[in-house]
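Before anything else, here's the structure in question.
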Amino acid sequence: MRKRYVKLKHPLLSVQLLAFIKDRTKSDTARLEAVQIAAECRETELCEELMSVVKNQSEAVSLRVAAILTLGRLNKIETLRQLRIFALDAEVADEEDQLKGAALQAIFPELISVEELFENFKKPSFENVYGTYWYFLNYVLFDRIKGSDYVSILKWLHRYELSLTERQNRHDRFASFCDEIMWQSWKSADLPTVLDSFAKVALERMVSRVNIIGGKRANEFREDLKNSSTLRLALASKLLALLNSENAPPPGLDFAFIRLFQPEDFSWLLSLLDSETRPEIRQMILFAVSNMYSFVDSSQLESLWRMKNRHSDLEQQFSWLFNGTLLDSAEANESKSRYIENLIDGNKSDEVPLVPSPRERVSDLLQKSADGASAAWVEMTMWLSMPADATSNSEVGDNLNADVTSYPGWIESTATQRESIVRSAHNFLVDESINASGHVPSLVENLGDPHQG
């Protein structure tokens, strides 16, 4: 309907609209529509009055936001410069970041650079208020920046990742935004400066035992990493260079390191031993090739055979392959015992962590629920019933249990996440008209009205 407002344009329209916009005895709805007409009809004569509305703290936030967005469309530079303070200064922002988000939509990146934005970056005040600031971060920001801009953004993200102290801090809507930064920057990783910055964040995430890119982009990243050998090996080289600048690789990093590679990278990894001198890094490489070795790939055996005489640690790592064992020796009997134990625990040996993890899945479903998909609650109960370290062999818990507070996902969640879970359950019960005492796990029974905290 508002797109048809352009048909209202006539020579005296700005005079008529000005009367409505200035008159505070008019309803906010009428004044808001006057602002929208000004936007559609490109009434630049009203810029000064619109800016007065924006600066007036006694005006309704919705009207001020509409005025900012209209100024953005009217695109009068001398007026738009006055919006910088609303985009960068927390003192003039409203508590839900609506003015900030609108100002950024209006003037970024023409009047605020990427560097300025992330030097003054502010995390959204509320997780579940999906307003102009969230809209800017999710739908506007990435469309307006170019590949080289990701260097500044990744520098900010690296500082943010270093500030995190709890793993569960990474599983919320803002974590999805951070994952989107990683994914969009990965698509520009052919630029060396971007890859350098990407590797720093990736290493921090690997150290923290978090996916390099998680959430809804996790599968896309794994597939892209698998299909792009050049970028995959370039990333691995950058990570090793960063490790060489550290005192020692953090514990457990070797497992995360393995996940980067494909079978065809076996010879490349072996070649690193010719130049790598640090024992800790060599051990990581040996651990990787040991886990990647396949009996059915003769080229791997040939590569090992050619290099074993140059590297004693490699020969020792694969001594079981290069050196024969007498059938009745103690070593043979020990190997037999290990083999039998592996057969007994075969299922355990096949266990791999679920990716995305149950907590990541819950985070994604909470976001869907907040966006209006209340039925996401049904699937959410399944993932809440599973522990954070669930594997491919883990069984779903009792997701029909009426007491959701007994679920591992609830027990391991933060206060903010619990509030989101309660709100999701409440929305489902209301939208789907299902009684809380039926077959849907009920939080209302245990926690009361979610709007009472």
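Considering only residues that are in contact (Cβ under 8 Å) with a residue 40 or more places away in the chain and touching a Ser or Thr at 6+ places or on another chain (Cβ under 9 Å), which ones fall in the stretch 251-296?
Of everything in the stretch 251-296, just one residue is in contact (Cβ under 8 Å) with a residue 40 or more places away in the chain and touching a Ser or Thr at 6+ places or on another chain (Cβ under 9 Å), namely Leu270.
Matching residues to (1) in the same structural domain as Phe126 (by TED's automatic domain parsing); (2) loosely packed, with under 14 Cβ neighbours inside 10 Å; (3) at pLDDT 85 or above:
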residue	(1), (2), (3)
Glu395	no, yes, no
Asn401	no, no, no
Ser424	no, no, yes
Asn427	no, no, no
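Working only within the stretch 17-50, note down all residues that are of a type in the set (S, T, N, Q) and in contact (Cβ under 8 Å) with a residue 12 or more places away in the chain. Even if it seems obvious, please write down each step before you answer.
Looking only at the stretch 17-50, we keep the residues that are of a type in the set (S, T, N, Q), and these are 25, 27, 29, 36, 44.
Hits for the stretch 17-50 are Gln36, Thr44.
Still on this structure, I have one more. Please work out if Gln57 is of a type in the set (S, T, N, Q) and part of a loop (DSSP other than H, G, I, E, B).
Numbers: of a type in the set (S, T, N, Q): yes; part of a loop (DSSP other than H, G, I, E, B): yes.
In short, yes.
Something else now. Please state which of the following conditions Gln57 fails to meet, knowing it meets all the rest: (1) at pLDDT 95 or above; (2) closer than 25 Å to Pro124 by Cβ.
(1) is the only condition that Gln57 fails.
Would you point out which residue out of Leu71, Leu46, Leu80 is modelled with pLDDT of 95 or more, crowded, with 20+ Cβ neighbours inside 10 Å and either over 16 Å from Leu18 (Cα atoms) or not assigned by TED's automatic domain parsing to the domain that holds Gly101 (or both)?
Details: Leu71 fails: either over 16 Å from Leu18 (Cα atoms) or not assigned by TED's automatic domain parsing to the domain that holds Gly101 (or both); Leu46 fails: either over 16 Å from Leu18 (Cα atoms) or not assigned by TED's automatic domain parsing to the domain that holds Gly101 (or both).
Result: Leu80 is the single residue among Leu71, Leu46, Leu80 that is modelled with pLDDT of 95 or more, crowded, with 20+ Cβ neighbours inside 10 Å and either over 16 Å from Leu18 (Cα atoms) or not assigned by TED's automatic domain parsing to the domain that holds Gly101 (or both).
Additional query: For the stretch 259-274, state whether one or more residues are of a type outside the set (A, V, I, L, M, F, W, C) and more than 30 Å from Ala199 (Cα to Cα). So that I can check it myself, show each step before the final result.
Filtering the stretch 259-274 down to residues of a type outside the set (A, V, I, L, M, F, W, C) leaves 259, 262-265, 267, 271, 274.
From the residues that got through so far, the ones that are more than 30 Å from Ala199 (Cα to Cα) too are none.
No; the residues of the stretch 259-274 include none that is of a type outside the set (A, V, I, L, M, F, W, C) and more than 30 Å from Ala199 (Cα to Cα).
Please go through the stretch 136-154 and give me each residue that is buried (at least 16 other Cβ atoms within 10 Å of the Cβ) and assigned to a helix (DSSP H, G or I), ordered by number. Even if it seems obvious, please write down each step before you answer.
From the stretch 136-154, those buried (at least 16 other Cβ atoms within 10 Å of the Cβ) are 136-137, 141-142, 145, 149-154; that's our starting set.
Scanning the stretch 136-154 gives Phe136, Leu137, Leu141, Phe142, Asp149, Tyr150, Val151, Ser152, Ile153, Leu154.
In this structure, does Cys47 turn out to be over 36 Å from the mean Cα position of the chain (by Cα) and within 26 Å of Leu141 (Cβ to Cβ)? Explain how you work it out, then say what you get.
Values: over 36 Å from the mean Cα position of the chain (by Cα): yes; within 26 Å of Leu141 (Cβ to Cβ): yes.
Against the criterion (over 36 Å from the mean Cα position of the chain (by Cα) and within 26 Å of Leu141 (Cβ to Cβ)), Cys47 qualifies.
Within the stretch 14-39, how many residues turn out to be in a helix (DSSP H, G or I) and within 43 Å of the chain's Cα centre (by Cα)?
Narrowing the stretch 14-39 to residues in a helix (DSSP H, G or I): 14-22, 28-39.
Going one step further and asking which of them are within 43 Å of the chain's Cα centre (by Cα), we end up with 21, 28-39.
Of the residues in that region, 13 qualify.
Return yes or no: is Ser363 surrounded by 15 or more Cβ atoms within 10 Å (Cβ to Cβ), modelled with pLDDT of 75 or more, farther than 17 Å from Gly409 by Cβ and assigned by TED's automatic domain parsing to the domain that holds Thr391? Reasoning before the result, please.
Numbers: surrounded by 15 or more Cβ atoms within 10 Å (Cβ to Cβ): yes; modelled with pLDDT of 75 or more: yes; farther than 17 Å from Gly409 by Cβ: no; assigned by TED's automatic domain parsing to the domain that holds Thr391: yes.
Against the criterion (surrounded by 15 or more Cβ atoms within 10 Å (Cβ to Cβ), modelled with pLDDT of 75 or more, farther than 17 Å from Gly409 by Cβ and assigned by TED's automatic domain parsing to the domain that holds Thr391), Ser363 does not qualify.
Mind telling me which of the residues Ala66, Ala103 ends up being assigned by TED's automatic domain parsing to the domain that holds Asp28 and under 19 Å from Phe121 (Cα atoms)?
Details: Ala66 fails: under 19 Å from Phe121 (Cα atoms).
Just one listed residue meets the conditions, Ala103.
If Ser374 satisfies all but one of (1) at pLDDT below 85; (2) hydroxyl-bearing (Ser, Thr, Tyr); (3) assigned by TED's automatic domain parsing to the domain that holds Arg222, what's the number of the condition it fails?
Here Ser374 clears every test but (3).
To continue, here is another question. Mind listing just one residue for me: the one in the stretch 316-342 that is part of a helix (DSSP H, G or I) and of a type in the set (A, V, I, L, M) and, of those, surrounded by the most Cβ atoms within 10 Å (Cβ to Cβ)?
We begin by selecting, within the stretch 316-342, every residue part of a helix (DSSP H, G or I); these are 316-317, 319-322, 330-342.
Subset that is of a type in the set (A, V, I, L, M): 321, 330, 332, 340.
Values: Leu321: 14, Ala330: 9, Ala332: 12, Ile340: 10.
Here the answer is Leu321.
Is there a residue being within 20 Å of Leu321 (Cα to Cα) and either assigned by TED's automatic domain parsing to the domain that holds Phe177 or among the hydroxyl-bearing types (Ser, Thr, Tyr) (or both) anywhere in the stretch 215-236?
As a first pass, look at the stretch 215-236 and keep what is within 20 Å of Leu321 (Cα to Cα): none.
Within the stretch 215-236 (the criterion being within 20 Å of Leu321 (Cα to Cα) and either assigned by TED's automatic domain parsing to the domain that holds Phe177 or among the hydroxyl-bearing types (Ser, Thr, Tyr) (or both)), the answer is no, since none of the residues qualifies.
Moving to a separate point now. Is there any pair with a first residue in the stretch 179-190 that is buried (at least 18 other Cβ atoms within 10 Å of the Cβ) and a second that is of a type in the set (Lys, Arg) whose Cβ atoms are under 7 Å apart and which are 6 or more apart or on different chains, and what are they?
Taking only residues 6 or more apart or on different chains, the pairs are Asp179/Arg217; Glu180/Arg217; Trp183/Arg217.
May I pose another question? Could you list, in sequence order, the residues of the stretch 83-126 that are among the basic types (Lys, Arg), touching a Phe, Trp or Tyr at 6+ places or on another chain (Cβ under 7 Å) and assigned to a helix (DSSP H, G or I)? Steps first, answer last, please.
Restricting attention to the stretch 83-126, the residues satisfying the condition of being among the basic types (Lys, Arg) are 84, 100, 122-123.
Then keep just the ones that are touching a Phe, Trp or Tyr at 6+ places or on another chain (Cβ under 7 Å); that gives 100, 123.
Residue satisfying the conditions is Lys100 alone.
Which one of these does Asn435 not meet: (1) of a type outside the set (A, V, I, L, M, F, W, C); (2) more than 28 Å from Asp179 (Cα to Cα); (3) modelled with pLDDT of 65 or more; (4) not assigned by TED's automatic domain parsing to the domain that holds Ile258?
(3) is the only condition that Asn435 fails.
The values are calculated or read from the model by the stated rules, or taken from the named source; none is laboratory data. Since the structure is predicted, the reported quantities are computational estimates derived from the model, not experimental observations. Reconstructed Cβ throughout: ideal geometry from the backbone, glycine too, with neighbour counts over all protein chains shown.
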